[in-house]
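Inspection log for the structure reproduced underneath, given as structure tokens.
The values are calculated or read from the model by the stated rules, or taken from the named source; none is laboratory data. What you are looking at is a predicted structure, and each value in this text was computed from that prediction instead of being measured. Heads up, the Cβs are rebuilt from the backbone with ideal geometry, glycines too, and the neighbour counts pull from every protein chain shown.
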């Protein structure tokens, strides 16, 4: 079971069969890696993790070498360091020299590695591979010139999402990462989830920034700038501003946004309550009429695009309710603007999201009204952080404030939407209310928390057994869809989150490697649900006021116009 | 033609299952003699139809011969042949008259064939074209024609694997069997368990001929002992290497031998399915392999419950796209699985987890055809051939500046000098020998000092090169080492799979450094001598790191051409860097030209031809070259009718 290996003349104990790298890291010895991804198959491509093993002719990649016998290893011998340094220099010789202008400046693994290995001179130079960057997608920009071909994006797209938009093409120094037929991203099957950005060590993949236009609008006195932010943004923001991680910082965020000059600050969680309320009403109708079951969730724009292009036969199974962002977006321009007496063209609506697919969602044709987008610009958490820095807001010194009326009250169910399984939990709570008029006996549904892959849970509402399910990570949805086609699926409602972990792990969130902090993000969300008093969407008083005053009944004609949307089959290069 | 022997199927199958001496009656030996063409009753005309002879016009030649026979209403049997080995003598035609030894003619074309046929059919030999005769004690000897085995090219070879090449009809299973084929296969099916076959091969000390020399028997045992419901044998028949062509010609000349080798090896590891991975461009080889597999199936040598042994085997030919990296076994497997041909980290080795995750043995053609020979001749005999470390023989493709390029087979331990000067006939056109490049892109150049190196895995490894694909390119004084290395680096940087950093980026930078030193500096700032020298220092560093860190053999050996040439031909590098001179005159961009004012007549021809407008002058007055503009192409040098341009 255990094998003693000698590392740098010191004996350490390793498990039989684990890789050298695993044994080293559990013993506190750090070996640099570039292509490695926790939990995914090792490719052994970058060779950064090479170590010297006694008796082996060449250097051995520690990430893929299993320990089967006692070994003598040197992790930082002259030979090893010389090799690692040369590898980084080789990468740099084919890398643009524009670090100062680069979006990942200060946050780039290649840069860090060059610093770590003390690369202080250009010893190798030569021709660089020329490549044009691809700005065609509304959410993601590909800049192949900065690509070091570690292949992480390919593996995340293939092994985690199973969308398989990206792959390696060509040979030799023409090798590149490309989409089907080497076309631009907007023709491809890319769902804009942004997980590839999260794993990219350099700026070869990054979000399309809408930084400048927000700035410009903020300084335009003629325009009223409205901002809404996703429930998960208020959690992950802490990581960048030395606030306590694992806590909801909505209050501070409200103040910060107001300081920056936004005229109104709204909480998208208000929209999440409406989304839960409408979706559960829709579900209740479908259960009563026994049609188009199971019903899929519609909050995740990555999932929606994937469904439209790969499984268009599921369109009728998807809830027609818009996502919280789009609900708040349409309410701003069609209700709030009227109420304030401001013409819609004088309102600039910004949305801060943990997600690059939201940028895509906002520009969908269905999300416009008379040719004007409900949401004018979506920025990611990362962009918001930069904006806050730009405006010199000292976040740590801010007091808490509440969001602006009328979209400022939320239930804790709306906060749950930020994590996988949370939407399903919120839906279950309100479904019980719609179907039986009663609340669930136990609001907390533990089986829908920390969902792995796919989970189903049976709940009893009145005399009915209702099956609520959650899909965590897009790759798990194919099996469910096949079950539906074969009429084997028992679920009534299925929540789908494209990103593993949900929005809190979205492609627009801050780059974070620390596993503890990542876990604390999820804890923050669950904590607020456990502590708060309004825990169901249908008890959000401001939302109910809005229905009374403007929307009418749930699923009313006005609701259908403002809160619901439609989907259509999408032709892409698969 | 095959139909003619069809009814001999049973006789032949009996023949290979028991020794001839126990045969009843003369009838069988007569049939065998007939198939082996020891007895013929009409002229037999053999035409070499292989990829090298076809380029030289063998198909037209065949048409011409058919026409000739038809016009004169003559009866003769025409059979296709493989390659004898000397590619510069293609197309080769053999003519065997009843009772006489077989004559071999070289460089036959549709013009001289008439004289050859006219003469030979009338018992007269046109001396210009005759190459040799094949000795057979049953046949009457032609006078004044050398015997094939006495010709220097063949005399110094030991042809175990090539014994049938160019001799038998590659499209006939009868001929293969009558020459002893498939006997080893049926013998082990009858007498040995798979473990015993592995044991025999292990004892024979056969090393994989793919380049690294890994013991074949050891690899087989691992696969045999890995429990699995399905195992695979893959025959790597892809050469995809500039300078290697022996497997292609071998397959075209003796396809049944490969089938037999695969069958025995598959049996030994317990595989019921075997794949032959071969370049898509090897059309004729693929055609003949498929024909051989078809015939073997029809004769019950492949398929279900072979010869009541309970063993099943299916062989499938798979065409690859010819990527160099697919010669690496894990890349090959990936390509066979329908994925991108790229290697993966080992372990796990294919012998435990290979094709579709099942235990898989990948052997190349040459390794596999050694197997029937070992079974036939026995372990002891096999161990008596070759050196202490490397047993058996080795095939080489010899090309470049030699008199007789071609495919050869020599015992392990034969000296380079013997191969180049005795077998291949020395350097062509009386030039001086400079180097021999062994092992293709992953090999290296060896010079005069290494001519006495014996060819075996260890001795070659010690020189820093590798046997690799066993392509042997001979360079003479007109070749530049830097240019040769540059060629291979360019090949490698294009063929790298692009996955691992050292290989993808390293080969590219190494190629650029070589480009730089074979070019004149554009101006004094950019490539000063010091920088060029630093480039070479970098070249050495890069090469070492490449060797240390690359994922697969392609990258690890990519540095070989550079490292060996730096070691053995350092002065040539120094000439290029410090003197900016290429002795062989190959590196064009290092050349400078001047005009001899006395010889120049002012004809303006050079000025008009100069592509970079570097030559100035008025008509009828001496011209001059502006060195800054000159690109060293040498067009002026070649066009001047008055030898007024001087190359420096």
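On the stretch given as segment B:318-340, residues that are over 25 Å from residue B:229 (Cα atoms) and surrounded by fewer than 24 Cβ atoms within 10 Å (Cβ to Cβ) total 6. Checking each residue in segment A:545-557 for being free of Cβ contacts under 8 Å to residues at least 24 places away in the same chain and surrounded by 14 or more Cβ atoms within 10 Å (Cβ to Cβ) picks out A:547, A:551. Every test in (1) in a helix (DSSP H, G or I); (2) in contact (Cβ under 8 Å) with a residue 12 or more places away in the chain; (3) within 17 Å of residue B:168 (Cα to Cα) is passed by residue B:37 save one, and that test is (1).
Restricting the search to segment B:612-642, which residues are touching a residue at least 24 places away in the same chain (Cβ under 8 Å) and farther than 20 Å from residue B:518 by Cα? Across segment B:612-642, the qualifying residues are B:622, B:623, B:624, B:625, B:636, B:639, B:640, B:641, B:642. With a requirement of 3 or more residues that are farther than 30 Å from residue B:52 by Cβ and without any contact (Cβ under 8 Å) to a residue 40 or more places away in the chain, the helices (runs of 4 or more DSSP H) lying completely within segment B:215-325 that satisfy it span B:216-225. For the criterion of being at pLDDT 95 or above and either closer than 27 Å to residue A:102 by Cα or over 18 Å from the mean Cα position of the chain (by Cα) (or both), residue A:224 passes.
Based on this model, can you work out whether residue B:643 counts as out of contact with any strand residue (DSSP E or B) (no Cβ under 9 Å at 6 or more places or on another chain) and either surrounded by fewer than 15 Cβ atoms within 10 Å (Cβ to Cβ) or closer than 30 Å to residue B:573 by Cβ (or both)? Yes; evaluated as a whole, the condition is true for this residue. In summary, helices (runs of 4 or more DSSP H) completely within segment A:313-387 and bearing 1 or more residues that are at pLDDT 95 or above and within 23 Å of the chain's Cα centre (by Cα) occur at A:324-331, A:357-362. Tell me yes or no: at least one residue of segment A:25-39 is within 22 Å of residue A:112 (Cα to Cα), within 14 Å of another protein chain (Cβ to nearest Cβ) and not in a loop (DSSP other than H, G, I, E, B). No, because not a single residue in segment A:25-39 is within 22 Å of residue A:112 (Cα to Cα), within 14 Å of another protein chain (Cβ to nearest Cβ) and not in a loop (DSSP other than H, G, I, E, B). Within the group B:175, B:202, which residue is touching a helix residue (DSSP H, G or I) at 6+ places or on another chain (Cβ under 9 Å), farther than 30 Å from residue B:322 by Cβ and touching a residue at least 40 places away in the same chain (Cβ under 8 Å)? Step by step, each of B:175, B:202 is checked, and only B:175 is touching a helix residue (DSSP H, G or I) at 6+ places or on another chain (Cβ under 9 Å), farther than 30 Å from residue B:322 by Cβ and touching a residue at least 40 places away in the same chain (Cβ under 8 Å). If you go through segment A:337-354 and keep only what is buried (at least 24 other Cβ atoms within 10 Å of the Cβ) and farther than 19 Å from residue A:365 by Cα, you end up with A:352, A:353, A:354. The set of residues from segment A:9-24 being touching a strand residue (DSSP E or B) at 6+ places or on another chain (Cβ under 6 Å) and part of a loop (DSSP other than H, G, I, E, B) comprises A:16, A:17.
Do we have any residue at all in segment B:471-492 that's crowded, with 24+ Cβ neighbours inside 10 Å, assigned to a loop (DSSP other than H, G, I, E, B) and within 14 Å of another protein chain (Cβ to nearest Cβ)? So far as segment B:471-492 goes, no, none of its residues is crowded, with 24+ Cβ neighbours inside 10 Å, assigned to a loop (DSSP other than H, G, I, E, B) and within 14 Å of another protein chain (Cβ to nearest Cβ). Residues satisfying the criterion are present in segment A:253-260 (criterion: touching a strand residue (DSSP E or B) at 6+ places or on another chain (Cβ under 8 Å) and surrounded by fewer than 23 Cβ atoms within 10 Å (Cβ to Cβ)). Residues that are assigned to a helix (DSSP H, G or I), surrounded by fewer than 24 Cβ atoms within 10 Å (Cβ to Cβ) and in contact with a strand residue (DSSP E or B) (Cβ under 8 Å, 6 or more places away or on another chain) within segment B:535-573 comprise B:548, B:563, B:568, listed in sequence order.
Okay, residues lined up against (1) in contact with a helix residue (DSSP H, G or I) (Cβ under 9 Å, 6 or more places away or on another chain); (2) over 19 Å from residue A:199 (Cβ atoms); (3) at pLDDT below 95:
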{"site": "A:2", "(1), (2), (3)": "no, yes, yes"}
{"site": "A:8", "(1), (2), (3)": "no, yes, no"}
{"site": "A:17", "(1), (2), (3)": "no, yes, yes"}
{"site": "A:53", "(1), (2), (3)": "yes, yes, no"}
{"site": "A:65", "(1), (2), (3)": "yes, yes, yes"}
{"site": "A:72", "(1), (2), (3)": "no, yes, no"}
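Of all residues in segment B:328-373, those being within 20 Å of residue B:442 (Cβ to Cβ), in a helix (DSSP H, G or I) and within 14 Å of another protein chain (Cβ to nearest Cβ) number 4.
Every residue, every condition in (1) crowded, with 16+ Cβ neighbours inside 10 Å; (2) assigned by TED's automatic domain parsing to the domain that holds residue B:333; (3) closer than 17 Å to residue B:15 by Cα, yes or no:
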site: B:174; (1), (2), (3): yes, no, yes
site: B:187; (1), (2), (3): yes, yes, yes
site: B:195; (1), (2), (3): no, yes, no
site: B:219; (1), (2), (3): yes, yes, no
site: B:222; (1), (2), (3): yes, yes, no
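Specify the residue that is farthest from the other protein chains (Cβ to nearest Cβ); the eligible residues are those in segment A:61-98 that are part of a strand (DSSP E or B) and crowded, with 22+ Cβ neighbours inside 10 Å. Only one residue fits best here, namely A:73.
Residue-by-condition table, conditions (1) in the same structural domain as residue B:564 (by TED's automatic domain parsing); (2) assigned to a loop (DSSP other than H, G, I, E, B):
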| position | (1), (2) |
| --- | --- |
| B:407 | no, no |
| B:419 | no, no |
| B:425 | no, yes |
| B:434 | no, no |
| B:458 | no, no |
| B:498 | yes, yes |
| B:509 | yes, no |
| B:519 | yes, yes |
